[in-house]
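Worksheet: one structure, shown below.
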Amino acid sequence: MKNIDSKNHLRGESIYLDDIPILAGTLFGVAFDSPVAHGEIKKLDLTAAIQSEGVVRIFTAKDIPGENQIGGIIPDEPLIADHEVHFCGMPVAFVVAESDELARMAIRKIKVEISPLPVITDPREAQKKGHLIVQPRTFKIGEPENAFKDCVHVFEGKADSNGQEHLYIETQGAYTLPMENGAIKIYSSTQGPTAVQRACSKVLGLPMHMLEVDVTRLGGGFGGKEDQANTWAALCALATYHLKRPVKYSLHRMEDMRMTGKRHPYSSDYKIGLDKDLKILAYEATFYQNAGAAADLSPAVMERTLFHCTNSYFIPNVKATAYSCRTNLPPNTAFRGFGGPQGMFVIESAIAHAADELGINASEIQKRNLIRNGDEFPYGQIAVSEANECWEKAEKIFDLQKMRNEVAQFNSKNQLYKKGIALMPVAFGISFTKTLMNQARALVHVYTDGSVNVSTGAVEMGQGVNTKILQVAAQIFSIDPSMIRVNSTNTFRIANTSPSAASATADLNGRATQIACEAILNRLKEVAAMELNTTVDSISVNNQCVFVKGEKSSLDWRQLIMAAYLRRVSLSEHGHYATPEISFDAKKEKGHPFAYHVYGSAIITVTIDCLRGTYEFDSVNVVHDFGASMNVIIDRGQVEGGIVQGIGWMTMEEVIYDKDGRLRSNALSTYKVPDVYSVPKEINIDFLQTNVDNLAIFRSKAVGEPPLMYGIGAFFALREAMKAFNPNAKSTFESPMTPERVLMTLHSDELIINN
Ligand code: MTE
Ligand code: HPA
Ligand code: MOS
């Protein structure tokens, strides 16, 4: 089935925040944000700005009736800076005017005096000074200290990965409307409607039932709107609270890039030990996460780094420690993979380091150590593994040997162009790592004409979750998809939603939908049995008709619904789902946190132009474990998109803050994301469909995040190509491997660097 939104997207008819018709009397807000990364506010002069044309009011921290606090996990983030600023981009005031142009004009007239305090942008420096967001955590299995003594080969090093701008096409924003009796309706471009509701409730001091958050769809979120949509919603709600008028704030691209956090940069140390047969016996890693100025989701992201520190490998002795380091950057946040990619980059670097030193191909170590059924992850969960199956199938169907031969042949014939090849296995755990978040609800109504309305906590952000929800209802009821509508996500219809994140949205909300639909269907079967004078067991509904013992009856779907209504049988149901079998003991750092894992293996090839440092990815060939894909078109799109986004993170996207904490890559002219010219020439995806039972919806495994990590292979393919040009190149494990860095690396042994 095609994505139900595809036609609307194509025609430009999909409704995003900016497409909501503006009510008469609407005002427009714009945040005035700190130009300084750290300092004390000495004076805030709003006089000229208040007198500026069209300005209605300027809000500061003093206007907050509730708590000036939007921190979700830890209360360490004021909505509006009060006496101190902690990062460039921190809101200091909120100007509300008759138009957004007038509000932006007024912003320029605000004068702020900030006496500067020391700025820290480096996580290791922050850690040394003790600026931590939370206590460090350590995951451990076996006896790594002793195991290193048994290793024939031990290598140590450092691996750093940089941040990544989400670059959702729709920027952040909110539109708030005053309702009866002080209630406020909030349209928000958020992945977490309840997070917005909670933040606004805290800031305004209003009970949550006064705040209706409604989300039609997002023009992309990628994690950037899991927590960070709260700010704009709370600012608008604050203005609506005081002015009793609708208020809208839709960020300009440069405001969005400057004020919001990104993927966490990490600096990490590793130590890897192997035996003579290339078995990894021991692994140690220390992660320094650059959290930015407030916790946001950093502790949870840090936790997932630890969960995925051994990627797809079984290592019997592991010790991994992570520090969440407070710096003066905008609070970094969720980004596809949620800390997992950062952890995987380090183990892949360690393996590549070992392979370099041993003069072998990294894939020999990778393959030798893939996790098998029954092996234990460092956090105690036992693997139900498809890792070997994916790897071996990829080797076979894409003819790895032939690919290698072609690369070698090309390299022997070409001097200035070189090819490289790398493999990237992935194992990604599905479930929120916080067990309690793995719950969802669905509200299903069947109307008397037989049409169906489904509401869930799922937010459609381009990943196709609404299509999957619709498929669930269509399949359970066995009716045509055109009979079903999936509603906007609304906190008055569905309460206490977990954010649409962790790739688990379709699993959680799809299961809740399934539960609700099955409950209605069971009642309908009872009605049919009465209508047709038979037993419930002999009734089935198929293709909009009622069957008795497999024989088509005279009763169709519409008649059945009407019969139920006439008998006063409920045609509505609220379904609740909580993932079974999962738990985690954070004291012991052991448990069974994931409903299941998604596995896969990618083979990536690249050609570099060694004169210019530029490169093109020739192919990405993947065997990916889908369980039993319920929507091949959508799932293929997710894998392709994830791969390209992962390659972007590892290669061309370069977030640059200067030492004063100011974002230099602050526009699309200075921040390069993959475009149609930089996607791999070929992406081939083999759907590994397995028969193993799993907890996914209809056994169709979650697909949103795992494919991003295939992109890590791009970094290592580039290294291989560089080695082919210059075996003495001094290549470090620092991403992104931009064309500039490729060029410098290719000639690194000739460069004399004067500092
Ligand atoms: N795909 C599109 N088109 N847009 C997005 O914003 N977000 C990604 C992924 N794929 C995203 C996307 C992220 S970060 C996650 S966690 C999942 O989708 C969330 O949706 P799911 O749980 O339905 O997979
Ligand atoms: N993944 C994504 N988002 C989250 C998680 C997670 O594990 N935990 C809290 N938010
Ligand atoms: Mo995705 S980073 O879990 O929103």
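Using a probe of 1.4 Å on the protein chains alone, the accessible area found for Met210 is around 40 Å². Once R0 is set to 60 Å, what does the formula 1/(1 + (r/R0)^6) return for the Cβ-Cβ distance between Gln689 and Thr47, expressed as a FRET efficiency to the nearest 0.05? Efficiency, rounded to the nearest 0.05: 0.35. A straight line joining the Cα centroids of the range 454-487 and the range 262-312 runs 37 Å.
Each listed q (0.17, 0.19 Å⁻¹) maps to a log10 I(q)/I(0) for the range 201-258 from the Debye sum over equal C-alpha point scatterers, namely -0.67, -0.83.
For each pair in Lys202/Lys672; Lys681/Lys723; Lys202/Lys225, compute the distance between the two Cα atoms and list the pairs where it is over 29 Å. Mind showing how you got there, number by number?
Working: Lys202/Lys672 38 Å; Lys681/Lys723 22 Å; Lys202/Lys225 19 Å.
Violating the 29 Å Cα-Cα cut-off are Lys202/Lys672.
Among the trypsin sites (Lys or Arg not before Pro) in the range 247-292, those located in a DSSP loop and surrounded by at most 13 other Cβ atoms within 10 Å of their own Cβ are Lys276. Ordered by 1.4 Å accessible area with all protein chains kept, Arg493, Arg198 run largest first as Arg198, Arg493. Over the C-alpha atoms of the range 274-401, the Rg to Rh ratio, Rh being the Kirkwood estimate, stands at 1.02.
Straight-distance candidates among the lysines for linking to Lys730, with alpha-carbon spacing under 19 Å and chain neighbours fewer than 8 residues away dropped: Lys158, Lys418, Lys419.
Taking 0.36 nm per residue of separation and subtracting the Cα-Cα distance, full extension of the segment from Glu180 to Leu132 would add 12.9 nm. If the cut-off is 15 Å between C-alpha atoms, which aspartates and glutamates fall inside it for Lys396, apart from same-chain ones fewer than 8 positions away? Correct list for Lys396: Asp686. Temperature 25 °C, viscosity 0.890 mPa s: under these conditions the Stokes-Einstein estimate for the chain, based on its Kirkwood radius over C-alpha pairs, is 90 µm² per second.
Taking N as the number of residues in the range 92-239, what value does Rg over Cα atoms divided by 2.2 N^0.38 Å take? Intermediate values should be presented prior to the final figure.
Values: Rg = 22.7 Å, N = 148, 2.2 N^0.38 = 14.7 Å.
Compactness ratio reported: 1.55.
Counting only GluC sites (Glu not before Pro) that DSSP places in a loop and that have at most 16 other Cβ atoms within 10 Å, the longest clean stretch of the chain runs over 99-580. In this rough spin-label picture, where each label sits 7 Å from Cα along the Cβ direction, the Leu436-Ile22 distance is 4.1 nm.
The trypsin sites (Lys or Arg not before Pro) of the range 293-397 that meet both conditions, a loop assignment by DSSP and at most 14 other Cβ atoms within 10 Å of the site Cβ, are Arg372. Shape analysis of the range 577-712 based on the Cα gyration tensor places the equivalent ellipsoid semi-axes at 33, 23, 13 Å, largest first. Take the Cα of Asp660, step 7 Å toward its Cβ, do the same at Lys588, and the gap between the two points is 5.3 nm. A full extension of the chain between Lys111 and Ile397 corresponds to an added length of 96.5 nm, given 0.36 nm per residue minus the alpha carbon distance. Could you check how many percent of all C-alpha pairs in the range 166-280 are farther apart than 25 Å? When all Cα pairs of the range 166-280 are counted, 34 percent exceed 25 Å. Note on the range 384-422 and the range 685-704: Cα centroid distance 26 Å, given to the nearest whole angstrom. Note that the range 345-464 shows a convex hull volume over its alpha carbon atoms of 232 Å³ per residue. The range 203-256 and the range 1-21 have Cα centres lying 21 Å from one another. Straight-distance candidates among the lysines for linking to Lys587, with alpha-carbon spacing under 27 Å and chain neighbours fewer than 8 residues away dropped: Lys128, Lys129, Lys140, Lys271, Lys319, Lys434.
The values are calculated or read from the model by the stated rules, or taken from the named source; none is laboratory data. Predicted model only: the values in this text are computed from it and were never measured. Cβ coordinates were reconstructed from backbone atoms using ideal geometry, including for glycine residues, and neighbour counts include every protein chain displayed. Quick note on the areas: whole protein, heavy atoms, side chains included, nothing else; ligands and nucleic acids left out. Shrake-Rupley method; radii C 1.70, N 1.55, O 1.52, S 1.80 Å.
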